[in-house]
Amino acid sequence: MKALILPAVALALAAALPAGASEDLAKKHLCTTCHVLKGPKTIGPSYAEVAKKYAGQKDAAARMEERVKKGSTGVWGQVPMPPNAAVPEADVKALVKWILSTR
């Protein structure tokens, strides 16, 4: 019975994410220059570390979207995250939703 439930859950999760919200979208916008999916911090934190830090916080997506667009300093150490104003709003929202879903 578990074999039937797990694929259904995976399909539901995939359907909930915006089209293109994946590591491919992160690569397209050069996010993977500083971030990796899982593992220790490189230049910036891994997406899994970000998802863990913001888990359960109601305003996490809005704060992350703001930081992606405008950049930030001091959130994850001394290395600043540059602003990404050229990334389309829909892509920022899709990326943040995807990042928060990685664990």
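The values are calculated or read from the model by the stated rules, or taken from the named source; none is laboratory data. Please read all numbers here as calculations on a predicted model, not as lab measurements. Quick reminder, even Gly has a Cβ in these numbers, built from the backbone with ideal geometry, and neighbours come from all protein chains shown. Remember, those area values only see protein heavy atoms, side chains included, never the ligands or the DNA or RNA. Shrake-Rupley method; radii C 1.70, N 1.55, O 1.52, S 1.80 Å.
Note on the stretch 52-99: residues that are in a helix (DSSP H, G or I), under 18 Å from Lys27 (Cβ atoms) and open to solvent by less than 60 Å² (accessible area, probe 1.4 Å) total 8. In the set (1) at pLDDT 85 or above; (2) under 12 Å from Lys97 (Cα atoms), Gly56 fails one condition alone, (2).
Under the condition of being exposed (fewer than 12 other Cβ atoms within 10 Å of the Cβ) and either under 15 Å from Val87 (Cβ atoms) or modelled with pLDDT of 95 or more (or both), the residues counted in the stretch 31-51 number 1.
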